[in-house]
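These notes concern the structure reproduced below.
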Amino acid sequence: MAIGIFGGSFDPVHKEHVNFVRAAADQLNLRKVIVVPSFLAPHKRGGAFAGAEDRLHLTQIAFRDLPYVEVSDYEIAQGGTSYSYLTCAHFAAKYPDEERFLLMGADMLENFFFWKNPQEILRNVTLAVCDRGGEQTAPLAEKFYKAFQTKFVTVGFTGREISSTRLRVDLAFGKSSSALNQRVAEAIARRGLYTYRCIAPALALEKEERREHSYRVAVMAATRARSAGVSEEKALLAAALHDCAKYVPLSSPMLAGFLPSEGVPAPVMHQYTGAYLAEHAFGIRDWEILDAIRYHASGKENMSALGKLVYLADLLEEARDFAGIEVLRAVFWKDLDLCMKLALQNQIAYLKSTGKQVYPLTECAYRWLLRE
């Protein structure tokens with residue numbers, strides 16, 4: 001007989017996790033699948049969004065209807081960084097007479113070569129990889145064999161591609177998601193997970209179309225955050241609140257203590273009032289988030305990676321449409337600094353060609369990037 005081991009952060013656990021386990025159990029004839037939420041995944045140094053005990057509880061709920069699944073707290077009980085070579089060794093010792101498979105997605109297979117002690121993992125398990133028609137796993141088969149002198153097996157599974165990042169943004173914005181099991185969604189709501197007290201009142205100040213814009217900016221910024229060396233949580237909060245003052249007039253009591261600078265063009269003013277509201281009305285104290293909001297429309301010298309991320313996501317979110325945007329979007333996912341330079345160059349050229357004022361901070365930001 002055979003068992004499967006399926007690890008991950010499950011942050012949050014969703015329907016396709018369950019569907020993949022069901023497919024693997026059927027195709028590999030597994031009598032048991034051990035689902036192991038990590039305490040801290042090696043590739044998520046910033047930590048999980050929900051605590052370990054919460055994620056364990058949600059995972060137990062999600063797999064409740066599969067009697068052959070055991071949700072294990074092994075990695076959570078160990079604490080610290082969760083490494084698969086230790087987990088696989090633990091279950092190999094517990095089930096020495098069983099054939100053992102480590103279940104994973106094709107994206108994880110691409111990174112497996114860089115995992116800690118991959119040879120030790122393969123001494124204890126065979127990899128069983130989600131295969132969507134062979135387009136992801138086939139190119140890696142030869143490389144894998146050359147590296148490890150063994151083969152992986154595939155699990156044919158064509159479920160939906162679900163981005164955990166987008167799912168977390170959905171939850172933060174109060175959107176329902178068909179990706180979640182109903183019982184899991186109810187438990188998330190009951191425990192108040194993946195939510196931020198500041199987001200709903202900030203969005204309440206915006207018109208509906210602006211709220212959707214803020215959502216799209218948050219999705220783009222959060223998706224790019226980790227590869228840009230930025231906290232996903234900071235990217236989410238800065239993007240969600242970046243336009244919170246867009247429709248709040250300077251005469252509003254909410255801005256009673258705000259002192260506007262002279263010479264700020266009307267289209268730029270909301271970045272300053274937005275930072276003021278984020279701090280004084282919505283309780284944001286993180287200077288980096290406030291700075292990203294404060295200069296998201298103009299840019300400035302010495303912008304942080306978070307500031308660049310929010311500026312560009314605001315400019316390039318999926319509903320925007322202007323000449324050259326596809327080129328900028330392509331660069332955005334590869335080189336944030338180059339994308340920032342090209343975006344500022346385009347913006348300055350556009351403003352000058354239409355006879356509009358170029359805000360001095362925008363010029364300064366562009367010259368700074370040229371020097372850099």
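The values are calculated or read from the model by the stated rules, or taken from the named source; none is laboratory data. The shown structure was predicted, so the numbers you read here are calculated from the model rather than taken from an experiment. Glycine gets a Cβ as well: all are built from the backbone with ideal geometry, and neighbour counts include every protein chain shown. The area values use the complete protein model at the heavy-atom level, side chains included, leaving out ligands, DNA and RNA. Shrake-Rupley method; radii C 1.70, N 1.55, O 1.52, S 1.80 Å.
A few comments on the model shown:
- Helices (runs of 4 or more DSSP H) completely within segment 311-372 that count 2 or more residues being of a type in the set (A, V, I, L, M) and surrounded by fewer than 15 Cβ atoms within 10 Å (Cβ to Cβ): 325-332, 336-353
- Entirely in segment 135-242, the helices (runs of 4 or more DSSP H) that have 1 or more residues that are hydroxyl-bearing (Ser, Thr, Tyr): 138-148, 164-172, 208-225
- Filter result for the condition that a residue is farther than 30 Å from Gly229 by Cβ and over 21 Å from the mean Cα position of the chain (by Cα), over Ile3, Ile76: Ile3
Every residue, every condition in (1) in contact with a strand residue (DSSP E or B) (Cβ under 8 Å, 6 or more places away or on another chain); (2) under 16 Å from Ala221 (Cα atoms); (3) touching a residue at least 24 places away in the same chain (Cβ under 8 Å), yes or no:
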site	(1), (2), (3)
Leu290	no, yes, no
Ala297	no, yes, yes
Val310	no, yes, yes
Ala323	no, no, no
Asp335	no, yes, no
Lys352	no, no, no
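- Among the residues of segment 58-70, those identified as surrounded by fewer than 20 Cβ atoms within 10 Å (Cβ to Cβ) and in a helix (DSSP H, G or I) are Gln60, Ile61.
- Condition met for Leu86 (open to solvent by 10 Å² or more (accessible area, probe 1.4 Å) and of a type outside the set (Phe, Trp, Tyr)): yes
- Annotation note: of Glu110, Glu75, Glu99, the sole residue that is touching a helix residue (DSSP H, G or I) at 6+ places or on another chain (Cβ under 9 Å) and open to solvent by 60 Å² or more (accessible area, probe 1.4 Å) is Glu110.
- Within segment 140-158, residues that are closer than 17 Å to Glu120 by Cβ reach partners that are among the charged types (D, E, K, R) with beta carbons closer than 8 Å, at six or more positions or on different chains, in the pairs Phe144/Lys151.
- Residue within segment 191-206 that is open to solvent by less than 10 Å² (accessible area, probe 1.4 Å) and more than 19 Å from Ala278 (Cα to Cα) present: no
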